[in-house]
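Read through the structure below, which is laid out as structure tokens, and then see the notes.
The values are calculated or read from the model by the stated rules, or taken from the named source; none is laboratory data. Treat the numbers as computed from the prediction; the structure is a model and nothing was measured. Counting neighbours? That spans all protein chains shown, and the Cβs are built from the backbone with ideal geometry, glycine included. Please note that ligands, DNA and RNA were not included when accessible areas were found on the heavy atoms of the full protein model with its side chains. Shrake-Rupley method; radii C 1.70, N 1.55, O 1.52, S 1.80 Å.
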Amino acid sequence: MINVSHLIDIIFDENATASELLTLVAAIAVFWAAFFYLFGLILRPMVYGKPWLIAAGERDYERGGKELYEQLGIAKTKDEFVDTFMDLWPWNQAVYVQHFVGGMLCVPAIFGLADEGTASSLACLGILSEMGWEIEDMATWLYKRFCHPDGKVKVPNELLVLLIIHHSMTTLLGMPMVLHYRNLRTLHWLCFDLQIAGAVALSVQEYTKLLEITERRQLFQFQVLTSFALVVMIVTRGLHWVYLCADLISMWYHEKAWVFLGVGSVISLLFSFFNWFFCIEPFYKRFAKFVKVSAEYKKLPADADSKKRRSSVVVLEAAAAEVLGRQQVEEEILSLFAERKVKRRGTMPPSMFGSKGRRRASVVLLRSSVGNISNALSRLDYKED
């Protein structure tokens, strides 16, 4: 039986031991597992079959979902695709809620809204919350990899490596940093940036995939929201990330904390590489292309013939799909399975490769938000037993 009062004491204990913090992390992992299950259980009946969600799933199918499944050898009809899309939609919403909660726990510390002890404890809870979620997520993947008869197919080695890289920062540095640098504002900022950036990216994607961008007003919403997501990414994954990492490395060097310096420097450099080459640069290029295409679409004269209008819509939808990561995720998934001589039946569960909601989120992880890799990848197969 979990003693909630004891867990609360650990949260606000500035001298909590590693053993106590691990107990707290384990409890948090159980909490998030229960939260995701109950969130989906409650939300799914409220949204499944709604016209707006069906329309969103159909757009996903037309924007490349059909082609992706065909390339993977598991062709799906539109109805099957939409059914999977609706079934997984609640899970996608829970992902950014989890990140939002973790990020908001850091707000009192970074903005001085409470006494240092309380604020730092809440920020550290945000770190441990992410750690608990990632451990629970990784445990799920390891179970699928080693306990399922076809685990090597469901969870190839490449995917495991990708997950390990993503989870490395919080899993390897989270606990030691909380133990040794509990009150460090730079640490609180890092937690805030990583989790809020992920929450923003995922929530924007989840909302924009509901928009019919051929309508001017909804196209405007798409542009504004994706612009906002890009700005957040540049600040959190670029400018502020570099500053915070440099501050940490400098501190470790002057304190002669060689273990922290060695491990932290490698992880920081690795994540910086991902931030630029998989997040900022590709997202900016895709967004710039979309802005150009959408401007051309808006300039279409009212009396444009139907053929020209249809052609413009196709180009616009393709550009939107790129912004949301469609083409890049296809490349990533196909690169994982291209050399595997595996017979894939048409009846294979679509959750193995995921709906577009999951593929879009994978891009946030792989190309738009490295801090979210596990969340999107989790959605590739979360419904498998």
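For the stretch 107-157, the set of chymotrypsin sites (Phe, Trp or Tyr not before Pro) satisfying both a DSSP loop assignment and a count of at most 14 other C-beta atoms within 10 Å is given as Phe111. Taking all protein chains together and rolling a 1.4 Å probe, Asp60 ends up with roughly 0 Å² accessible. The listed residues Ile213, Ile11 rank as Ile11, Ile213 when sorted by accessible area, largest first, using a 1.4 Å probe.
For Ser265, the accessible surface of its heavy atoms amounts to roughly 30 Å² (probe 1.4 Å, protein chains only, rounded to the nearest 10).
Note that the stretch 107-256, at 20 °C in a medium of 1.002 mPa s, gets a Stokes-Einstein diffusion coefficient of 120 µm²/s from its Kirkwood radius over C-alpha pairs. Taking only protein heavy atoms and a 1.4 Å probe, the accessible area of the stretch 155-282 is 72% carbon and sulfur.
Per residue, the stretch 217-304 exposes 56 Å² of solvent-accessible protein surface, assessed with a 1.4 angstrom probe and all protein chains in place. Within the accessible surface of the stretch 1-152, defined with a 1.4 Å probe on protein heavy atoms only, the carbon and sulfur portion equals 65 percent. Within the stretch 167-266, the proportion of Cα pairs with more than 19 Å between them is 52 percent.
Within the stretch 1-151, the proportion of C-alpha pairs whose separation exceeds 26 Å stands at 46%. Given the pairs Lys66/Lys289; Lys256/Lys285; Lys209/Lys307, which span a C-alpha to C-alpha distance of over 31 angstrom in this model? Cα-Cα > 31 Å for Lys256/Lys285; rest within. For the stretch 1-147, the solvent-accessible area with a 1.4 angstrom probe is 46 square angstrom per residue. Subtracting the Cα-Cα distance of Phe273 and Leu43 from 0.36 nm times their residue separation leaves 79.1 nm of extension gain. Any idea how far apart Val161 and Met251 come out in nm if each label point goes 7 Å out from Cα toward Cβ? Each label point is offset 7 Å from its Cα along the Cβ direction, giving 3.3 nm. The order of Phe290, Phe39, Phe100 by accessible area, most exposed first and with a 1.4 Å probe, is Phe100, Phe39, Phe290. Extension gain, Glu58-Thr118: 0.36 nm per intervening residue step, less the Cα-Cα distance, totals 16.8 nm.
At a probe radius of 1.4 Å, what is the per-residue accessible area of Leu113, in Å² to the nearest 10? Solvent-accessible area, nearest 10 Å²: 120 Å². Accessible-area rank, largest first, for His6, His254: His254, His6, with all protein chains present and a 1.4 angstrom probe. A DSSP coil position with no more than 14 other Cβ atoms inside 10 Å describes the following trypsin sites (Lys or Arg not before Pro) in the stretch 199-277: Lys256.
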